[in-house]
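As structure tokens, the structure follows; a few thoughts come after it.
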Amino acid sequence: MVLTALAEEKGFKMINAEKIRLDFPILEEKVGGKPLVYLDNAATTHKPGAVLDRLIEFYTRMNSNVHRGVHSLSREASGAYEGARETVRSFIGARSAKEVIFTRGTTDGINLIADIFRETVINAGDEVLVTEMEHHSNLIPWQAACAKKGAVLKVLPFDGEGRLKTDELDGMLTDKTRIMALSYISNVLGTENPVKDIVRTARSRGVPVLVDGAQAVQHIKVDVRELDCDFFVFSGHKMYAPTGIGVLYGKKEWLDRLSPYRYGGGMVNSVSLDRSEYAEAPFKFEAGTGSLAEAVSLAAAIGYMDSIGMEGIKEHERRLSEMLCERLAGIGGVTVYGPPSGRRGVVSFNLEGAHPYDVGTLLDKMGIAVRTGTHCAEPVMKRLGVPGTVRASFAVYNTEKEIEKLAGGVKKIRAIL
Ligand code: PLP
């Protein structure tokens, strides 16, 4: 009751996770006869009935290709697809829906920008700046672009608490830096990076910034205009929507300036045998048929999250991660990685004397799904000096009871070591 009053005072609704769970059919599944405790949400979240219904509705009521037909179904599908773009625009606070490009996901969006920059912006001797805590998806495309053009990849390190060494940022930006790419929230450490400040510093030096929001949009309210970043990418499947759909936000000035990188139907105004006139953004970056039903369902996922409220989601997940950290600290022999405060969405840890894979396998026997391994962030593992970690990651449907089950499971494993 005290928490509810506090939440009301701050202007948001407390989350009733037990009630929310009823929206997710898969959570009724049993694993080895035990109720499923799903704590692998950073890899992908489950989908609520509202999203699944919308996906089926698209195929049963309006399935048709978009932008290409004058017939009623096509017009309805086009309306739903462009409506979804507008929903995304409002969700991330973009100025215009023309700044919202549908992609297959975060990796696809980063590759799109890295490919275009490699072709048109990055030259031999130039520099690209990333950070030491990037997911491979926000590292390898830049590595490859630099290798191909003879450019230099520079890396902003993180400190012992898992926070970026932002005091080194200014010194790493030079007049050769063509772009900086960094994650908003680390998928291993849970660190929420001070993106707004980093963007301000980079842009004051004329350097555009791409923000990987794959682990942010489902946990905190994102406003791309407030961040003032040039590009922002995320995946639908990590925010209660289907796989195969994601978003690349780009500032209009950039999208107008950049050439397309894939060619085909739907991205042109006119075509003759020797030349084509490209459409304006976002269409010039969306050659071919997109993930239509998935885009429409992404809008349903946004509607679902909005109906719960981002502030409530943030507070709920903060409580779960603090609770897990407290419980793990009480077990002994557990190392938790990442910042002691302000962690978002994930808690990565290791149990002394046990390989993370063994911990994950034993937890699975108890019906508890966590992720184990390098989490597509091998440089982070190298920096931590570990072969991998166990990672619990949260969603709006996780409960305190599940945190107790995980902590109890880790305690049991500790006892048999
Ligand atoms: N960036 C971060 C921070 C991630 O956590 C992930 C996936 O876990 C990705 C990028 C890649 O996302 P996707 O596989 O949806 O493209």
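Details
- Mean sequence separation of contacting Cα pairs (under 8 Å, at least six apart), scaled by the length of the range 172-312, corresponds to a relative contact order of 18 percent.
- Amide proton proximity set for Tyr278, modelled H, under 5 Å, gap of 5+: Asn269
- What the Kirkwood sum gives for the range 100-151 is a hydrodynamic radius of 11.4 Å, with every pair of different alpha carbons counted.
- Derived scalar couplings ³J(HN,Hα) [the range 335-350; Karplus, 6.51 cos²θ - 1.76 cosθ + 1.60; whole Hz; x for Gly, Pro]: 9, 9, 9, x, x, x, 9, x, 6, 10, x, 9, 10, 9, 8, 9
- Less than 5 angstrom separates the built amide H of Glu127 from those of Val152, Thr177, Arg178, all sequence-distant by 5 or more or on a different chain.
- Phi-derived couplings, Karplus 6.51 cos²θ - 1.76 cosθ + 1.60 at θ = phi - 60°, listed residue by residue for the range 385-394: x, 10, x, x, 9, 9, 10, 9, 9, 10 Hz, with x used for Gly and Pro.
- Bridgeable lysines around Lys34 (alpha carbons under 26 Å apart, same-chain partners fewer than 8 residues away excluded): Lys19, Lys47, Lys238, Lys365, Lys401, Lys405, Lys411, Lys412.
- With a simple spin-label model that places each label point 7 Å from the Cα along the Cα-to-Cβ direction, the separation between Thr166 and Thr289 comes to 4.6 nm.
- Relative contact order of the range 51-306, defined on C-alpha pairs under 8 angstrom at six or more residues apart (%): 24 percent
- Based on protein heavy atoms only, the range 51-306 ends up with 40 Å² per residue of surface accessible to a 1.4 Å probe.
- Peptide ranges 386-394, 203-211 listed from the most packed, as the mean C-beta count within 10 angstrom indicates: 386-394, 203-211
- Residues whose amide H lies under 5 Å from that of Lys13, counting only those 5 or more places away or on a different chain, are Gly312; hydrogens are built 1.01 Å from N in the peptide plane.
- Placing a label point 7 Å from the Cα of Lys365 along the Cα-to-Cβ direction, the residues of the range 20-34 whose backbone N falls under 18 Å from that point are 31-34.
- Counted over the chain, the DSSP beta bridges are approximately 60% antiparallel.
- Square roots of 5 times each gyration tensor eigenvalue, C-alpha, the range 51-306, largest first, Å: 32, 22, 14
- Tail beyond 18 Å, pair distance distribution of the range 223-272 (Cα, percent): 52 percent
- For the range 17-25, backbone phi angles converted through the Karplus equation (6.51, -1.76, 1.60; θ = phi - 60°) give residue-by-residue couplings of 5, 4, 6, 4, 4, 5, 7, 10, x Hz, Gly and Pro being listed as x.
- Förster radius 30 Å - calculated FRET efficiency between Ser259 and Asp228, Cβ distance, rounded to 0.05: 0.80
The values are calculated or read from the model by the stated rules, or taken from the named source; none is laboratory data. Quantities reported herein were computed from a predicted structural model and do not represent experimental measurements. FYI the Cβ positions are ideal-geometry reconstructions off the backbone, even for glycines, and counts take in every protein chain you see. Areas reflect the complete protein model, heavy atoms only, side chains present, ligands, DNA and RNA absent. Shrake-Rupley method; radii C 1.70, N 1.55, O 1.52, S 1.80 Å.
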